[in-house]
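Enquirer: One structure coming up, written as structure tokens, with questions to follow.
The values are calculated or read from the model by the stated rules, or taken from the named source; none is laboratory data. Since the structure is predicted, the reported quantities are computational estimates derived from the model, not experimental observations. Ideal geometry is used to build each Cβ from the backbone, glycine not excepted, and the neighbour counts take in all protein chains shown.
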Amino acid sequence: MVKSGLIKAANSELIEKATEVYSRLRRRAPSSRGDIKNYVKVYLGIDIPDKRICEGHNSPMDYLWHSYSADLSTSLKAGFPAEKSTNGDAIVWANRGGGKTELAAIATLLDCVFKPGCQVRILSGSGEQAGRMYEYLTSFLRNGFEEFLAGAIRKSKCRFANGSAVEVLTQSQRSVRGQHIQKLRCDEVELFDEDVFAAAKFTTQSTSDLRAAMEMISTMHRPYGLMQRIVSFADEVGTPVFKWCLWEVIEKCADRNCSQCPLWNDCEGKAKRSEGYLQIDDCITAMRRASKAGWESEMLCKRPNRENVVFDEFEPSEHIGQVDYNPSLPLYRTLDFGFVNPFVCLWVQVDENGNVRVIDEYIRSRATIDVHAEEMKKRTPAGEACVAATFCDPAGSGRNDVTGTSVVRELRAMGIVTRFRRSGILEGIELIRRSLRAGDGKSRILISPKCQRLIEAIRCYRYPEGGKSGSTSSPQAGELPLKDGVYDHPIDALRYFFVNYKRSGKTTARRY
């Protein structure tokens, strides 16, 4: 009996010491990537996937480490790639069910517990989504982190004993304006009101110990949505993009016959290397429920869903390529006029086989026609004498009530003679489609990488949601693409080339 009592006392003492160590380690700030992964696994019960499966992708752990380490000293970040941005901003593009919201909640917990005075705000495309991230956070807090709190957890905010705080913002300018915080986590950016998003950009401020960070998190649903534009300009502004898809978060496949698996065409063995948590059977069910376009957009993050875009035949790998001016081919220009809306000029050549080569673009707003004319002449290879024709918007021939003349006449006075033919929008669209993918399956257009605005327009030119163009009352209104003032102008210029060139006779090669 005495021996048994001694054993129990010793065990009790060991348990007490282990509990003390466990509690003490909970309060110790992680200082490395491995520390973060182990801390989250031990204290939150979440094993964050940390393996990159697809080329060019990241692991979820890459994002969490970036978010947490933004405020660590350089010595603690040894081995982590140098960041391009001067702040802690990040873009997270990941699949549905990819753990984006939960990871952002984990990042919020770590910020508030281990970074005194850190002010975090959660802003989502919908109140429900914002509530979901906050619910993840509060469930973590109630699971052993209560000691870090200063007061009760409220419906949309909580405060910490070290001066940190979290609050959920509503999707409104009034809620966003006036905020001066260190961390802003924007969840489901694709659903944001654009004015609210614009206002949110000015909310973050660094302190002596904390770097300002705006994290933009979403699946990319549409090629013309806010998330697409954010990702497109990420390199330009130096914001890192953390991208992962189904294969970075699916559970490891151990005992399935690949040849009989419905996922094989997309998987090709990737799940054999994965270390995630999404159950394979659930993924198979989701794939069978979804369209191919939806599956590739929502789960594989290959491309946004293109079901509503006009030119879904466009494939960057096929239609974008290095193409320069060839002096043995005729040179054409095609114009779409604008002042507040952009003025567009495209330089186009056509080879002896009828293949269209778009070699350059000039797009500018708020400049007069003489400025545009000078720039066009300056950028035209081999000079004005080598231009076979300049096509334009028929509306340019209309007399201006203020100047008493027309754009076409003004250009003619400056030595640029234009031609035009009136046509319907659908006619031009069909000709562009035919160049992208003809009936024989071949492509007959190649666009230079220099034409970034045109490329973006082809990707994003779309039909209005709900079938209402809002630009005309004609019977064709439901079939006309949206005139959004952004993507329609480069497309209009390209249309004018095709509808005019079609009537210009057979192309012949010439030497100047």
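Enquirer: Name the residues in the range 282-339 that are more than 24 Å from residue 56 (Cα to Cα), under 20 Å from the mean Cα position of the chain (by Cα) and among the polar types (S, T, N, Q), would you?
Expert: 308
Enquirer: Could you please find all residues in the range 22-33 being in a helix (DSSP H, G or I), out of contact with any Asp or Glu (no Cβ under 9 Å at 6 or more places or on another chain) and surrounded by 10 or more Cβ atoms within 10 Å (Cβ to Cβ)?
Expert: Within the range 22-33, 22, 25 meet the criteria.
Enquirer: Can you find, within the range 490-512, the residue that is modelled with the lowest pLDDT among those that are in contact with a strand residue (DSSP E or B) (Cβ under 7 Å, 6 or more places away or on another chain) and in a loop (DSSP other than H, G, I, E, B)?
Expert: Among them, the one singled out is 507.
Enquirer: Here is a further query. Just to verify a result, which residue in the range 413-446, among those that are of a type in the set (A, V, I, L, M, F, W, C) and free of Cβ contacts under 8 Å to residues at least 24 places away in the same chain, is surrounded by the fewest Cβ atoms within 10 Å (Cβ to Cβ)?
Expert: Start the filter on the range 413-446 by keeping residues that are of a type in the set (A, V, I, L, M, F, W, C), which leaves 413-414, 416-417, 420, 425-426, 429, 431-432, 436, 438, 445-446.
Cutting the leftovers down to free of Cβ contacts under 8 Å to residues at least 24 places away in the same chain gives us 413, 438.
Details: 413: 12, 438: 14.
Top of the filtered list is 413.
Enquirer: In the range 143-190, which residues are in contact (Cβ under 8 Å) with a residue 12 or more places away in the chain, under 28 Å from residue 42 (Cβ atoms) and of a type in the set (A, V, I, L, M)?
Expert: Correct list: 149, 153, 161, 165, 166, 168.
Enquirer: Is it true that residue 214 is touching a residue at least 12 places away in the same chain (Cβ under 8 Å), buried (at least 18 other Cβ atoms within 10 Å of the Cβ), touching a strand residue (DSSP E or B) at 6+ places or on another chain (Cβ under 8 Å) and part of a loop (DSSP other than H, G, I, E, B)?
Expert: The answer is no for residue 214.
Enquirer: Could you run through the range 145-193 and say how many residues are modelled with pLDDT under 95, touching a helix residue (DSSP H, G or I) at 6+ places or on another chain (Cβ under 6 Å) and in a helix (DSSP H, G or I)?
Expert: Qualifying residue count, the range 145-193: 4.
Enquirer: Please find, among 227, 299, the residue that is touching a Leu at 6+ places or on another chain (Cβ under 7 Å), surrounded by 13 or more Cβ atoms within 10 Å (Cβ to Cβ) and not assigned by TED's automatic domain parsing to the domain that holds residue 480. Quick ask: steps written out before the conclusion?
Expert: On the way: 227 fails: touching a Leu at 6+ places or on another chain (Cβ under 7 Å).
Unique residue meeting the criteria: 299.
Matching residues to (1) in contact with a helix residue (DSSP H, G or I) (Cβ under 9 Å, 6 or more places away or on another chain); (2) modelled with pLDDT of 95 or more:
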| position | (1), (2) |
| --- | --- |
| 308 | yes, no |
| 322 | no, yes |
| 341 | yes, no |
| 373 | yes, yes |
| 378 | no, yes |
| 382 | no, no |
| 389 | yes, yes |
| 396 | yes, no |
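Enquirer: Another question, then. Looking at (1) assigned to a helix (DSSP H, G or I); (2) of a type in the set (D, E, K, R); (3) without any contact (Cβ under 8 Å) to a residue 40 or more places away in the chain, which is the one condition that is false for residue 410?
Expert: Status for residue 410: all satisfied but (3).
Enquirer: Separate question: Residue by residue through the range 224-254, note down the ones that are closer than 23 Å to residue 308 by Cβ and part of a strand (DSSP E or B).
Expert: The answer is 243, and nothing else.
Enquirer: Go through the range 373-411 and count every residue that is under 16 Å from residue 332 (Cα atoms) and either surrounded by 12 or more Cβ atoms within 10 Å (Cβ to Cβ) or hydrophobic (A, V, I, L, M, F, W, C) (or both).
Expert: Filtering the range 373-411 down to residues under 16 Å from residue 332 (Cα atoms) leaves 373, 375-393, 411.
Narrowing the set further to residues that are either surrounded by 12 or more Cβ atoms within 10 Å (Cβ to Cβ) or hydrophobic (A, V, I, L, M, F, W, C) (or both) leaves 373, 375-377, 379-382, 384-393, 411.
Residues in the range 373-411 being under 16 Å from residue 332 (Cα atoms) and either surrounded by 12 or more Cβ atoms within 10 Å (Cβ to Cβ) or hydrophobic (A, V, I, L, M, F, W, C) (or both): 19 in total.
Enquirer: Just name the residue that is surrounded by the fewest Cβ atoms within 10 Å (Cβ to Cβ) out of those in the range 447-465 that are assigned to a loop (DSSP other than H, G, I, E, B) and in contact with a strand residue (DSSP E or B) (Cβ under 7 Å, 6 or more places away or on another chain). I'd like the intermediate steps shown before the answer.
Expert: Taking the range 447-465 first, the residues assigned to a loop (DSSP other than H, G, I, E, B) are 448-451, 461, 463-464.
Checking the rest, the ones that are also in contact with a strand residue (DSSP E or B) (Cβ under 7 Å, 6 or more places away or on another chain) come to 448-451, 461.
Values: 448: 20, 449: 11, 450: 16, 451: 23, 461: 25.
Among those that are assigned to a loop (DSSP other than H, G, I, E, B) and in contact with a strand residue (DSSP E or B) (Cβ under 7 Å, 6 or more places away or on another chain), it is 449.
Enquirer: Test residue 408 against the criterion of being in contact with a strand residue (DSSP E or B) (Cβ under 6 Å, 6 or more places away or on another chain) and modelled with pLDDT of 95 or more, and give yes or no. Even if it seems obvious, please write down each step before you answer.
Expert: On the way: in contact with a strand residue (DSSP E or B) (Cβ under 6 Å, 6 or more places away or on another chain): yes; modelled with pLDDT of 95 or more: no.
No; evaluated as a whole, the condition is false for this residue.
So that you can scan it fast, the table gives a plain yes or no per residue for (1) surrounded by 15 or more Cβ atoms within 10 Å (Cβ to Cβ); (2) closer than 28 Å to residue 286 by Cβ:
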{"position": "91", "(1), (2)": "yes, yes"}
{"position": "95", "(1), (2)": "yes, yes"}
{"position": "99", "(1), (2)": "yes, yes"}
{"position": "122", "(1), (2)": "yes, yes"}
{"position": "183", "(1), (2)": "yes, no"}
{"position": "186", "(1), (2)": "yes, yes"}
{"position": "201", "(1), (2)": "no, no"}
